[in-house]
Amino acid sequence: VVNLQKVLLDIVKPIDCVLKYSFNHLGDSKYICTQPFPVSPGNIQDVPLSQDSWHAFLFPSTKTKEEVQNCLEDTILQIEVFDNLVHLGNAKIDLSRLYCNEAQKVLAAGKRPDAVIFKDDFQILSTDTFENEASVAIGTLKCLTVLEEEPCTSCKCGRVFKNKSLQKHISGSDCKKAF
């Protein structure tokens, strides 16, 4: 899960902020774009809670933990910051940090599986810098990333299901006789 939480921008005038990002994991690319929300100069602004401010990326249940880790260790999630259509800057989130010592390991009680959580402020660097110039920070983006494993079970038919959807599959298919 990628959850964009707060934006702080060192800008001259208020803007209608739009955050855009995509994540290509294991060949499946998903593009996300938030609705515009107001950001005032020097004020921390909550990113309005919507399906676009957080997104759950699912890896196929056939992938091993090692394959998922390799994918995330090689991935930088780039968040683009816009004032409506004007590209202001980028924040880069290194997803391999989910595997670092600073990431919190959460042992979830009850129905939820164990999770790894990493929360940090990431610099937003201006797009107005030239190649030979040092990057200029124009603000920060607070982002929470969560990695959790959901238990899955293989059916007699060879397909893999999340445990919560296996019973529905069995009751509505020919697999019912096998169970």
Solvent-accessible area per residue for the chain at a 1.4 Å probe radius, Å²?
63
If we count GluC sites (Glu not before Pro) as exposed when they sit in a DSSP loop and have at most 15 other beta carbons within 10 Å, what is the longest stretch of the chain that avoids them all?
1-101
Long pairs among 142/162; 63/105; 30/168; 63/176; 156/177; 6/92, criterion Cα-Cα beyond 19 Å
142/162; 63/105; 30/168; 63/176
The long-range amide H neighbours of residue 11, using H built 1.01 Å from N in the peptide plane and a cut-off of under 5 Å, are 42
What distance in nm separates the simple spin-label points at residue 127 and residue 162, each placed 7 Å from Cα in the Cβ direction?
3.4
By a straight-distance test (C-alpha under 20 Å), which aspartates and glutamates pair with residue 119 as possible cross-link partners, with residues fewer than eight away in the same chain excluded?
46, 52, 73, 74, 80, 94, 102, 148, 149
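Using 0.36 nm times the number of residues separating residue 45 and residue 136, minus their current alpha carbon distance, what extension gain do you get?
Numbers: separation 91, 0.36 × 91 = 32.76 nm, distance 2.05 nm.
My answer for the length gained is 30.7 nm.
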So what's the back-of-envelope 222 nm ellipticity for the chain, counting only DSSP H runs of four-plus at -39500 (n - 2.57) apiece and dividing by all residues, rounded to 500?
-3000 deg cm²/dmol
Picking from 163, 84, 43, which is most flexible by a Gaussian network model of the chain using Cα springs under 10 Å?
163
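The values are calculated or read from the model by the stated rules, or taken from the named source; none is laboratory data. Not measured: the values here are computed from a predicted model. Cβ coordinates were reconstructed from backbone atoms using ideal geometry, including for glycine residues, and neighbour counts include every protein chain displayed. Remember, those area values only see protein heavy atoms, side chains included, never the ligands or the DNA or RNA. Shrake-Rupley method; radii C 1.70, N 1.55, O 1.52, S 1.80 Å.
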